[in-house]
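As structure tokens, the structure follows; a few thoughts come after it.
The values are calculated or read from the model by the stated rules, or taken from the named source; none is laboratory data. Just so we're clear, the structure is a prediction, and the values are computed from it rather than from any experiment. Ideal geometry is used to build each Cβ from the backbone, glycine not excepted, and the neighbour counts take in all protein chains shown. When the accessible area is computed, the model is the full protein with side chains, heavy atoms only, and any ligands, DNA or RNA have been set aside. Shrake-Rupley method; radii C 1.70, N 1.55, O 1.52, S 1.80 Å.
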Amino acid sequence: MAELNTGDGGGGKGGKVRSKKQNSKVDLTAMVDLAFLLITFFMLTTSLSKPQAMDLSLPDKDPDPTKKIEDTKVDENRTMTVMLGADNKMVYYMGLLATPKIGPKDIAYGKDGIRRELLTQKKAVLAYSTALGKPKNGIIVIIKPTKKSNYRNLVDILDEMAISGVETYAIVPEFSPEETKLIDKQPE
């Protein structure tokens, strides 16, 4: 049992004779129990901050490295390539770079930039796929970050994929020489 002693009441030698006082004791058991109950309550009812993470599906590691990987053929009318460069520069084009359907064009981040273009092209690709009789085939976005682009730009473009509802996208670190010239070109 926890107690708090406040000292004894009787005095030493000499002087007047006084009646001996009882020691006053304060029982602290109830206060300690209450403190532990409050600590337990707040520990159980407080929600801890959860780390923010984005789901990213990666391909399985191939168990046989000697086996040749077959290239997947994709309809060029469904592909949009977004290249991320230094100083928040972003260039996109639709189709192949040699014969682009749209672009290549510099574009900004945000709702009036890449998001609007993604939504526009997503509608156009769905209309194209529906005309071919495959209405579930949507747009495919190829994201190509350069070594000079920063991590924030990659996260921003991945956020734009989630916001605009693009389900199929890939991060490809390889650049053709033409793409390298295009992304490194200084604006005039």
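Restricting attention to the range 51-89, which residues are open to solvent by 70 Å² or more (accessible area, probe 1.4 Å), modelled with pLDDT of 70 or more and within 21 Å of TYR151 (Cβ to Cβ)?
PRO51, GLN52, ALA53, ASP87, ASN88
So which of SER149, SER176, SER164, SER129 is surrounded by fewer than 17 Cβ atoms within 10 Å (Cβ to Cβ) and either of a type in the set (Gly, Ala, Ser) or within 19 Å of VAL74 (Cα to Cα) (or both)?
Working: SER149 fails: surrounded by fewer than 17 Cβ atoms within 10 Å (Cβ to Cβ); SER164 fails: surrounded by fewer than 17 Cβ atoms within 10 Å (Cβ to Cβ); SER129 fails: surrounded by fewer than 17 Cβ atoms within 10 Å (Cβ to Cβ).
Going through SER149, SER176, SER164, SER129 in turn, just one is surrounded by fewer than 17 Cβ atoms within 10 Å (Cβ to Cβ) and either of a type in the set (Gly, Ala, Ser) or within 19 Å of VAL74 (Cα to Cα) (or both): SER176.
Would you check if there is a residue in the range 90-97 being closer than 30 Å to ILE163 by Cβ, at pLDDT 75 or above and assigned to a loop (DSSP other than H, G, I, E, B)? Explain how you work it out, then say what you get.
The first filter runs over the range 90-97 and keeps only residues closer than 30 Å to ILE163 by Cβ, leaving 90-97.
Then keep just the ones that are at pLDDT 75 or above; that gives 90-97.
Then drop every residue that is not assigned to a loop (DSSP other than H, G, I, E, B), which leaves 96-97.
Yes, that holds for at least one residue.
Looking at (1) open to solvent by 70 Å² or more (accessible area, probe 1.4 Å); (2) under 15 Å from ILE171 (Cα atoms), find the lone condition where ILE139 falls short.
The number of the failed condition is (1).
Please tell me if TYR109 is open to solvent by less than 80 Å² (accessible area, probe 1.4 Å), under 30 Å from the mean Cα position of the chain (by Cα), under 19 Å from PRO173 (Cα atoms) and of a type in the set (Phe, Trp, Tyr). Lay out the reasoning, then the answer.
Details: open to solvent by less than 80 Å² (accessible area, probe 1.4 Å): yes; under 30 Å from the mean Cα position of the chain (by Cα): yes; under 19 Å from PRO173 (Cα atoms): no; of a type in the set (Phe, Trp, Tyr): yes.
So TYR109 fails the test.
Return the pair list, or none, for Cβ contacts closer than 8 Å from residues in the range 89-116 that are closer than 14 Å to ILE183 by Cβ and touching a residue at least 24 places away in the same chain (Cβ under 8 Å) to residues that are among the charged types (D, E, K, R) and surrounded by 19 or more Cβ atoms within 10 Å (Cβ to Cβ), at least 6 apart or on different chains.
Short answer, once both residue conditions are applied: TYR92/GLU117; ASP106/LYS89.
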